[in-house]
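Asks: Let me give you the structure first, and then I'll get to my questions.
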Amino acid sequence: MMQETMEKRANRTVGKSRQKDFFAVLLFFFLLPYTCSSVVRAGQEKTVETIVPVSGRTVRIQSGSDVRTMTEEAFLIGALAAVIPAEYEPEALKAQAVILRSSCVAGGHLEETVLENGTTGAAQESISQNSVSAVEPRIIDSNSGFSYLDKAQRKRLWGEQADVLEERCREAVRASSGYVLEWQGAAVSAPFFRLSAGRTRSGTELFGQESDWCKSIACPVDEDAEDFLQEKSMKTERFFGMLEAEGVSVEKDAPKLVLTRDSAGYVLNVRAGRSSIEGERFRQLFELPSSCFFLEEQGGKMVITTKGIGHGIGFDQYYANALAKQGASAEEILELFFPGLLKNRNKTVELRSN
C-alpha cells in the first residue's frame, strides 16, 4: 500500500546565488514541454515563406548542418503551430505568441536591426537599406527549447484546414508584434504547458521569492478535458526494477514509497528509505504525461494514474483557451498567469482584439 505525505517548502533564505539557481531550474522546465521532447523540427523539404518583417528582426535556425535565416514573424508562426492547437481561440494564440517572442528575446535569438537615427527595427514597419546588425544572435538549435514546423509540415498537420489555420497563426503573431514578458527589466522565458491538474504550480513555492511573477492559479475547467485523467500500468516487478536502475533501492519484503507533493498536487519527490527520485525525473522515466500522479498496486501490477498534461508551471494553454472563449483578451489572460509582466516594446502597436 502506497503512503503519501504532503509537505510544504518554507523558511527559504534567498540570496543572489539563489536567483541564478531559479533561472537555471526555470530553464529546465521551459526545455521540458508537455510532449516530453523539445526539438527544432525544420524538416527536409525546402519551402519559401514570404513574411512582411514588421519587427525588422531575424532569427537563425539550425536543422542538421544547415542554418537558415528568417524573419522573426516567420519563425514565430512555425513555433506557434508546433506548440499549441491552431484551432484554439485567437486571444489564446496571441498570448502564446507573446510567450514565444519573449523567450526568443530572453535567449538572445533575435537579431536587432539598428537604424541610422539610433532607433531599432522593432519600431519600424520596414527595414531601412542603411540599417546595420548590432548584435550577432544565438542560433536556434535542438538545445534552445523551441519546437518549429515549417510550412510543408504545417500543411501536412492541418490538411484541408491548412490555409485557415495558417492565417490564424499569422494573425496571432502580427497582432502581438512587439509584446514580450519582462521581469525586472529583462525579458523572461516563461514556461507553458497543455493542461493542468486543476491549478498551476507556484513558482515561489518551487524556486523561492525570485519567481513571485509565476503564480499558482485555479483552473477548474481543466478537469472537464478529455485527457485530464490518464492511466498506465505495468508489472510490479518491472516497475520496481526501473526504479532500482535509477538508484532507488526498494525493500523487497515490504516496499513502501513516500510521495511528497506541492500545494498543486504535483509530485516533488518519490522516496524509498534513504534513496529518492525527483518527480519530474520519475515522470520522464515512466513516460507519464504529468508529474501529478498517483500509485496503486493491483494484482501484481502497478497502476499509475495521472492528472493533466505537462509540468504544470506557468501558462496553461487549455485554461487560456477556455478564458478566451468566455471573452477574455490576450492581455487579460497573460495578466492572470504572469501579473505585471506584459510590456510593449513597440509603442506603435497595440495588442488588439479581432
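Here is a yes/no grid of residues against (1) of a type outside the set (A, V, I, L, M, F, W, C); (2) touching a Cys at 6+ places or on another chain (Cβ under 6 Å); (3) more than 29 Å from residue 106 (Cβ to Cβ):
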{"site": "266", "(1), (2), (3)": "yes, yes, no"}
{"site": "276", "(1), (2), (3)": "yes, no, yes"}
{"site": "282", "(1), (2), (3)": "no, no, no"}
{"site": "288", "(1), (2), (3)": "no, no, no"}
{"site": "291", "(1), (2), (3)": "yes, no, no"}
{"site": "302", "(1), (2), (3)": "no, no, yes"}
{"site": "310", "(1), (2), (3)": "yes, no, no"}
{"site": "315", "(1), (2), (3)": "no, no, no"}
{"site": "346", "(1), (2), (3)": "yes, no, no"}
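Asks: Okay, next question. Taking residue 335, is it part of a helix (DSSP H, G or I) and out of contact with any Leu (no Cβ under 8 Å at 6 or more places or on another chain)?
Replies: Working: part of a helix (DSSP H, G or I): yes; out of contact with any Leu (no Cβ under 8 Å at 6 or more places or on another chain): no.
Judged against the criteria, residue 335 is not a match.
Asks: I need the full set of residues from the stretch 43-92 which are of a type in the set (Gly, Ala, Ser), part of a loop (DSSP other than H, G, I, E, B) and at pLDDT below 80, in order please. Spell out how you get there, then give the answer.
Replies: Just the residues of the stretch 43-92 that are of a type in the set (Gly, Ala, Ser), to begin with: 43, 55-56, 63-65, 74, 78-79, 81-82, 86, 92.
Imposing the further condition that a residue be part of a loop (DSSP other than H, G, I, E, B) reduces the set to 43, 55-56, 64-65, 86.
Passing the criteria: 43, 55, 56, 64, 65.
Asks: Please give the number of the condition residue 321 fails out of (1) buried (at least 20 other Cβ atoms within 10 Å of the Cβ); (2) more than 15 Å from residue 94 (Cβ to Cβ).
Replies: Exception for residue 321: condition (2).
Asks: With the requirement that a residue be of a type outside the set (Gly, Ala, Ser) and either touching a residue at least 24 places away in the same chain (Cβ under 8 Å) or not assigned by TED's automatic domain parsing to the domain that holds residue 172 (or both), what does the stretch 321-331 give you? Before the answer, list the steps.
Replies: First pass over the stretch 321-331, keeping only residues of a type outside the set (Gly, Ala, Ser): 321, 323, 325-326, 331.
Residues satisfying the conditions are 321, 323, 325.
Asks: Take the residues in the stretch 201-247 that are buried (at least 19 other Cβ atoms within 10 Å of the Cβ) and charged (D, E, K, R); name whichever of them is farthest from residue 191 (Cα to Cα).
Replies: That would be 222.
Asks: I'd like to check something: does the stretch 203-213 contain any residue that is at pLDDT 95 or above and β-branched (Val, Ile, Thr)?
Replies: So far as the stretch 203-213 goes, no, none of its residues is at pLDDT 95 or above and β-branched (Val, Ile, Thr).
The values are calculated or read from the model by the stated rules, or taken from the named source; none is laboratory data. Model, not experiment: these values are computed from the prediction. So basically every Cβ, Gly included, is an ideal-geometry build from the backbone, and we count neighbours across all protein chains shown.
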